[in-house]
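One structure is given below, encoded as structure tokens.
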Amino acid sequence: MFDVVIKNGLCFVDGEFVQANVGLEGNLIAYVGKDNVRGDLEIDAKEKIVIPGLFNAHTHLAMTLFRGYAEDLPLKDWLEKKIWKVEKLLEPRDVYWGSLLGILEMLKSGTTAFSDLYIHMDEVAKAVGESGIRAVLSYGMADRGNKEKAELELKIGTEFIKNWDNAFNGRIKAIFGPHAPYTCTPSFLRRVKDVARELNTYVHIHVAETKWEVEHVKSVYGKTPVRLLDDIGFLDEKTVIAHAIWIDEEEMKILKERNVSVVHCPISNLKLASGIAKVKDLHDLGINVCLGTDGASSNNTYNLFEEIKMTSLLQKVITGRADALKAKDVLKMATENGYRAYGIKGGRLEKGYLADIVLIDRRKHNYCPMYDPLHSLVYASYGCEVTHVIVDGELIVEDGIVLTLDEDKIIDKVESLKEKFQAGTNFVP
């Protein structure tokens, strides 16, 4: 007798879809197979696709508050003329409500875990605890050449890790999050990495997101961002970099040699006109590529199914090959690879892995006719097909309803905060 049994689902196991039952004990998968197993809670999945939970590997969660606030701008203008100004108005409780809204959206579209780099991170951690989702959280640090600021930023980031790492039955993993090589000096980045090694934790950072960033870093330090980070000993298997758009073949080989994971955020990259990462080349080199949405103000959703499809399509276009990235590859990027990037044993329907699981209604018009569930899932999903979400062995979403959160209350609260940001920055659409 298992705690939870998912019965007769079309399950994604070892890269293939097979009819199977899944048994859960506590927060782990204890059985995957065809035996007629029983559970205290049994979920009928005979009309469902069953997959490992999606992992959104790069977010700025509370930027739901600025969804639609700064549009049709390149990254540098988007940050300097709009986002950094309005972020000065953020109070801790604003981040709490914005985070709840982001979590609500992710859960309803099949994301069971995410990595977030932002400010007022205590409030994000509280939202994670209440909602039941899994998260890798980091305080976004930037010293900008100021020694006093560097000390304060490192102190805040370190205290956050000590206060929240392994909280809520291990659902929170707290790590370091220096912003980028153009906002953090090499000396500061060295210190961050040294403390990360002392605490045996990970570091997540933006790297080579725009051509401007690469040229700026070269003009200041005489090296591209990846080469700079490598020269200061920053890159290793516990480093996760977001974007990596403007890198060359030698830099890709450096990332491979150092076992660095890369988070690809295709829709945000397109929307900000940042560029298209060479994901096929990274994948072919054996680099662990995972997927993220970036923040809701540059995307504008946290729907990872959009990223899955876009990742495949973009690589087909830039390589001129329809088979550049296959459906199986991108689904793995959105599940197992995200968990692996942060050293978490999840993202697979396999005994001993975390019980983070998503059920999807396969009797939807956009899946009909279903010749191959893998192709239907990757190329025809909207995200609204998700019916059930299990995180850490707990049923969090049932029949499309998030059981742990008050959806109407969250939406009303965030909508009411809009006036504050409009008034505070003389907002012009």
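The values are calculated or read from the model by the stated rules, or taken from the named source; none is laboratory data. Just so you know, these numbers come straight off a predicted model, no measurement behind them. Cβ coordinates were reconstructed from backbone atoms using ideal geometry, including for glycine residues, and neighbour counts include every protein chain displayed. Note: accessible area is taken over every heavy atom of the protein model, side chains too, but ligands, DNA and RNA are not part of it. Shrake-Rupley method; radii C 1.70, N 1.55, O 1.52, S 1.80 Å.
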At ILE232 and LYS328, where each label point lies 7 Å from the Cα along Cα→Cβ, what is the point-to-point distance in nanometres?
4.1 nm
Solvent accessible area, Å² - ARG67, 1.4 Å probe, full protein context:
90 Å²
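Could you provide, to the nearest whole Å², the per residue accessible area of the range 6-113 with probe 1.4 Å? Walk me through the intermediate numbers first.
On the way: 4010 Å² over 108 residues.
Here the residues of the range 6-113 average 37 Å² of exposed surface.
What FRET efficiency do you get for LYS211 and MET1 if R0 is 51 Å and r is their Cβ-Cβ distance, rounded to the nearest 0.05? Each step should come with its number before you reach the end.
Working: r = 58 Å, r/R0 = 1.14.
Approximately 0.30, to the nearest 0.05.
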Given a 1.4 Å probe, how much area per residue of the range 160-225 is accessible, in Å²?
42 Å²
Using alpha carbon centroids, what distance separates the range 199-242 and the range 33-71, in Å?
31 Å
Where in the range 189-221 does the amide nitrogen come within less than 19 Å of the point 7 Å from the Cα of LYS345, taken along Cα to Cβ?
201-202
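Rounded to the nearest 5, what % of the DSSP beta bridges within the chain are antiparallel ones? Present the calculation step by step, with values, prior to reporting the outcome.
On the way: 28 of 64 bridges.
Once the DSSP bridges in the chain are tallied, antiparallel ones form about 45 percent.
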Amide H of GLY140: which non-local residues (sequence gap of 5 or more, or other chain) have their own amide H closer than 5 Å, using H built in the peptide plane?
TYR118, ILE119
For a Förster distance of 41 Å, can you work out the FRET efficiency between the beta-carbons of GLU249 and ARG38, rounded to the nearest 0.05?
0.15
Residues of type lysines that LYS34 reaches as a straight line, Cα spacing below 24 Å, ignoring anything fewer than 8 places off in the same chain
LYS7, LYS46, LYS48, LYS328, LYS332, LYS345, LYS351
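Carbon and sulfur together cover what percent of the accessible area of the chain at a 1.4 Å probe radius? Walk me through the numbers before you get to the answer.
Working: 8480 of 17200 Å².
Of all accessible area on the chain, carbon and sulfur atoms account for 49 percent.
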Distance (nanometres) between label positions extended 7 Å along Cα→Cβ at ASP406 and ASN166
3.4 nm
Say each of TYR31 and ASN366 gets a label point 7 Å from the Cα, pointing the same way as Cα to Cβ; how far apart are those two points in nm?
3.5 nm
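At R0 = 25 Å, how high is the FRET efficiency between ARG197 and GLU159 if r is their beta carbon distance? Nearest 0.05 is fine.
0.90
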Reachable lysines, given that their alpha-carbon falls under 17 Å from the alpha-carbon of LYS162 and they are not under 8 places away in the same chain:
LYS126, LYS173, LYS193
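At 1.4 Å probe size, put LYS345, LYS238, LYS328 in order of accessible surface, largest to smallest.
Working: LYS345 115, LYS238 45, LYS328 85 Å².
Solvent-accessible surface, decreasing: LYS345, LYS328, LYS238.
Counting other Cβ atoms within 10 Å of each Cβ, which GluC sites (Glu not before Pro) in the range 306-356 have at most 16 and sit in a DSSP loop? Write down the numbers at each step before the final one.
Details: sites: GLU306, GLU307, GLU336, GLU350; in loops: GLU350.
Sites meeting the loop and neighbour criteria: GLU350.
How large is the helix-only mean residue ellipticity at 222 nm for the chain, computed as the sum of -39500 (n - 2.57) over DSSP H runs with n ≥ 4, divided by its residue count, in deg cm²/dmol to the nearest 500? If you can, show how the numbers build up before the last one.
Values: 16 runs with 163 residues, N = 429.
Here the helix-only value at 222 nm equals -11000 deg cm²/dmol.
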Can you tell me the accessible area per residue over the range 321-423, all protein chains present, probe 1.4 angstrom, in square angstrom?
48 Å²
In whole Å, what is the distance between the alpha-carbon centres of the range 288-302 and the range 101-164?
16 Å
Taking the dipole about the Cα centre of the chain, with the C-beta of Lys and Arg at +1 and of Asp and Glu at -1, give me whichever of THR404, GLY393, THR185 is farthest to the positive side.
THR185
In degrees rounded to 10, the 0-90 angle between helix 304-319 Cα long axis and the longest Cα principal axis of the chain is 70 degrees
Give the cross-link partners of LYS85 among the lysines, using a straight C-alpha distance below 19 Å as the criterion and excluding same-chain residues fewer than 8 apart.
LYS76, LYS149, LYS418, LYS420
